[in-house]
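Below: one structure, written as structure tokens.
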Amino acid sequence: MKIIVTGAMGQLGHAVRKLSSGSDHTFVFTDMNESEGVSRLDITDSEAVKSMTDGADVIVNCAAYTDVNGAEANESVAMKVNAEAPGILAEAAREAGALLMHISTDYVFDGKGNVPYDEDAQPSPVNAYGRTKLEGEKAIAASGCRYMIFRTSWLYSDVGKNFYLTMNRLTAEKPEIKVVMDQTGTPTNAYDLAFLLCHIIENGMLDKTGIYNYSNDGVCSWYDFAREINYMLGHTCRVEPCMTDEFPTPAQRPQYSVLDKSKIKRTFGVDVPHWRESLQLLIDEHYN
Ligand SMILES: NC(=O)c1ccc[n+]([C@@H]2O[C@H](COP(=O)([O-])OP(=O)(O)OC[C@H]3O[C@@H](n4cnc5c(N)ncnc54)[C@H](OP(=O)(O)O)[C@@H]3O)[C@@H](O)[C@H]2O)c1
């Protein structure tokens with residue numbers, strides 16, 4: 001099969017590149033900027049998308065505008081990448097007869113619940129990023145293509161910009177930091193999500209279309225996550241809890257965004273690792 005991966009230089013795209021390296025399928029990696037092993041593809045350019053995806057069996061869309069605070073001031077730019085471009089990819093997938101595997105977010109939910117969100121829960125985003133990602137889901141669903149949408153949360157990895165790397169640096173540099181304890185969710189090791197995507201492709205489970213939740217298992221606050229990072233790295237920073245009000249950000253965040261993973265476990269027969277175990281594996285450089 002021919003598999004086109006967009007956003008291959010991002011956290012998730014990087015993990016897909018690593019985990020697919022032994023595959024017998026033909027993976028074509030793309031991103032905004034060309035680099036070694038990665039071709040240039042701007043997913044907002046419909047002609048370029050059509051030509052790149054001609055003859056594809058699967059399109060894995062790891063590209064996105066992921067600056068949650070930046071999206072507040074640049075919603076139209078975020079909308080182009082997170083909503084219009086998935087529509088373009090979906091149209092291209094339909095024309096090519098390919099499956100589109102797209103990544104969405106827990107931020108489509110308002111976070112006012114207190115039990116894990118399943119796939120049928122009503123989306124109601126509280127920030128611009130969430131709105132653009134929800135519009136992306138709708139554009140794909142309206143296109144008539146075969147698709148799988150994976151809603152994930154708190155993605156981190158050993159590359160890119162993410163909470164894990166920020167806490168790694170801050171807990172090494174500072175004697176004390178404060179981290180919010182009133183937002184609850186679940187971290188997701190990008191390699192676990194990449195493993196799931198590769199598992200589906202390698203096992204030919206391409207007919208199981210629909211929307212799926214995927215994060216690691218378990219529940220924590222950003223404060224718990226930061227404490228665990230500090231502890232597992234052997235850093236001696238004092239990590240103190242605080243409330244969201246103490247650190248106002250341009251974008252409002254959902255307070256509770258735990259995802260129910262029953263459907264994905266049942267459908268694809270996968271185990272979902274606990275976030276603590278997955279964090280330990282990343283710190284142990286298990287993926288290198
Ligand atoms: N990060 C999270 O915490 C999180 C949480 C929930 C869901 N998600 C979703 O998970 C997916 C993967 O996220 P990630 O954290 O791996 O993202 P990421 O690290 O920000 O990577 C996204 C990649 O897409 C590229 N890109 C941006 N605009 C593009 C365009 N027009 N055409 C082609 N490529 C473009 C980026 O290039 P530049 O760097 O040059 O812009 C970057 O290489 C996204 O759909 C995201 O919305 C992420």
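Within segment 21-40, the set of residues being more than 6 Å from the ligand (Cβ to nearest atom) and hydrophobic (A, V, I, L, M, F, W, C) comprises PHE27, VAL28, PHE29, VAL38. Only a single criterion out of (1) touching a residue at least 12 places away in the same chain (Cβ under 8 Å); (2) more than 17 Å from the chain's Cα centre (by Cα); (3) within 10 Å of the ligand (Cβ to nearest atom) is not satisfied by SER104, namely (2). All of (1) part of a strand (DSSP E or B); (2) within 15 Å of the ligand (Cβ to nearest atom) hold for VAL179 with one exception: (2).
State yes or no: is PHE247 modelled with pLDDT under 95 and either touching an Asp or Glu at 6+ places or on another chain (Cβ under 6 Å) or hydrophobic (A, V, I, L, M, F, W, C) (or both)?
Against the criterion (modelled with pLDDT under 95 and either touching an Asp or Glu at 6+ places or on another chain (Cβ under 6 Å) or hydrophobic (A, V, I, L, M, F, W, C) (or both)), PHE247 qualifies.
Listed conditions (1) buried (at least 16 other Cβ atoms within 10 Å of the Cβ); (2) within 14 Å of the ligand (Cβ to nearest atom) are all met by ALA93, apart from (2).
For segment 98-122, the set of residues classified as surrounded by 23 or more Cβ atoms within 10 Å (Cβ to Cβ) and among the hydrophobic types (A, V, I, L, M, F, W, C) consists of ALA98, LEU99, LEU100, MET101, ILE103, VAL108, PHE109, listed by residue number. Selection of segment 215-234 for residues being among the polar types (S, T, N, Q) and assigned to a loop (DSSP other than H, G, I, E, B) yields SER215, ASN216.
Summed over segment 1-20, residues that are away from the ligand (no atom under 11 Å from the Cβ) and either hydrophobic (A, V, I, L, M, F, W, C) or touching a strand residue (DSSP E or B) at 6+ places or on another chain (Cβ under 7 Å) (or both) total 7.
Does ASP158 qualify as being assigned to a loop (DSSP other than H, G, I, E, B) and away from the ligand (no atom under 14 Å from the Cβ)? When the stated conditions are applied, ASP158 does not pass them.
The values are calculated or read from the model by the stated rules, or taken from the named source; none is laboratory data. These numbers come from a predicted model, not from an experiment. Because the Cβ atoms are built from the backbone with ideal geometry, glycine has one as well, and the counts that use them run over all protein chains shown.
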